[in-house]
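Peer 1: There's a structure below that I have some questions on.
Each value in this text was obtained by applying a stated rule to the coordinates, not by laboratory testing. Because the structure is predicted, anything quoted here is derived from the model rather than measured. Quick reminder, even Gly has a Cβ in these numbers, built from the backbone with ideal geometry, and neighbours come from all protein chains shown.
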Amino acid sequence: MKYLPTPLEGCFLLKPTIFKDERGQFSETFNKKAFEALTGLSTNFVQDNESRSTYGILRGLHFQTGSMAQSKLVRVIQGKVLDIVVDVRIGSPTFGHHFSKVLDASEGLQLFVPRGFAHGFITLSETSIFAYKCDNYYDKASEGGIIYNDATLSLDWHLPKEDIRISEKDKQLPSFEAATA
C-alpha cells in the first residue's frame, strides 16, 4: 500500500497493491497494522457502510459534529465517483478548502476523510457501489451538512447541473457559512 498526501492536513489517499493474474485480481483493502505503520494513525473503525447509486446521484455534503464526529476510509467497489471533502475545522489552516478526486473501482484508491471534514460524492458511471469504514457510530442528533452547490465553495461536481440528482433532505442543507457559524 502506498500513502499519497493531499493538500488538506490529515486527509490522504491510499493506493493498494493489486495482484493480477489470469484468474483476475486480489488486493488487501484494509490491514490495521499496515494502516497504522503507513499513516501514524491509530484508528478503530467501528461501522462499515455501503451505498449503491446510479448515474448523477449526489450524496452530501455530510458530517457529524462534537463527540460523534467521524473519520472515514472510503472506496469504490463498483463504478466511478467524484469524491469531495471540505475542511470544516474552525481554526484549521485549510478551513473552507476542499479536495476532490475521482475514485474508480479499477484503481482501488481509498480516501481517508478525517474528523472535521464534510464529505460527499457523485456517481459518474452508470452505477456505483461505495463503501466506507467509520471510526464512530452514526448519530442522527449530531448530523451536519452543507448544500452541494454552495456559492462560497464553488464545487465542480463534473456533471451538468441537469444530470445531478439529490435527496430532498440534502436539498435543505445550509450554506457553508451557516453550517460553520
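Peer 1: Which one of the conditions (1) free of Cβ contacts under 8 Å to residues at least 40 places away in the same chain; (2) polar (S, T, N, Q); (3) assigned to a strand (DSSP E or B) does SER100 fail to meet, given that it meets all the rest?
Peer 2: (1)
Peer 1: If you go through the range 3-30 one residue at a time, how many are out of contact with any helix residue (DSSP H, G or I) (no Cβ under 8 Å at 6 or more places or on another chain) and not in a loop (DSSP other than H, G, I, E, B)?
Peer 2: Total meeting the criteria: 12.
Peer 1: Pairs, please: C-beta under 8 Å, at least 6 apart or cross-chain, first residue touching a residue at least 24 places away in the same chain (Cβ under 8 Å) and in the range 154-181, second in a helix (DSSP H, G or I)?
Peer 2: Qualifying pairs under 8 Å: LEU173/ALA179.
Peer 1: Within the range 126-149, count every residue that is out of contact with any Asp or Glu (no Cβ under 8 Å at 6 or more places or on another chain) and not in a strand (DSSP E or B).
Peer 2: The total comes to 11.
Peer 1: Looking only at the range 103-140, count every residue that is free of Cβ contacts under 8 Å to residues at least 12 places away in the same chain and small (Gly, Ala, Ser) and tell me the total.
Peer 2: 1
Peer 1: In addition: Pick out the one residue from GLN47, GLN70 that is farther than 23 Å from ILE166 by Cα and either more than 17 Å from the chain's Cα centre (by Cα) or touching a residue at least 24 places away in the same chain (Cβ under 8 Å) (or both).
Peer 2: Selected residue: GLN47, the only one of GLN47, GLN70 that is farther than 23 Å from ILE166 by Cα and either more than 17 Å from the chain's Cα centre (by Cα) or touching a residue at least 24 places away in the same chain (Cβ under 8 Å) (or both).
Peer 1: Another one. Taking the range 29-44 on its own, how many of its residues are within 20 Å of the chain's Cα centre (by Cα) and either surrounded by 12 or more Cβ atoms within 10 Å (Cβ to Cβ) or within 22 Å of LEU155 (Cβ to Cβ) (or both)?
Peer 2: 9
Peer 1: Identify, from the list GLU177, GLU107, GLU143, the residue that is surrounded by fewer than 18 Cβ atoms within 10 Å (Cβ to Cβ) and over 18 Å from the mean Cα position of the chain (by Cα).
Peer 2: GLU177
Peer 1: Another one. Return yes when THR123 is of a type outside the set (Phe, Trp, Tyr), closer than 25 Å to SER27 by Cβ and surrounded by fewer than 20 Cβ atoms within 10 Å (Cβ to Cβ) and no when it is not.
Peer 2: So THR123 does not fit the description; no.
Peer 1: Can you tell me which residues in the range 87-104 are surrounded by fewer than 15 Cβ atoms within 10 Å (Cβ to Cβ) and within 20 Å of GLU50 (Cα to Cα)?
Peer 2: Result: VAL102, single match.
Peer 1: Return yes or no: is ALA118 among the small types (Gly, Ala, Ser) and either in a strand (DSSP E or B) or surrounded by 20 or more Cβ atoms within 10 Å (Cβ to Cβ) (or both)?
Peer 2: yes
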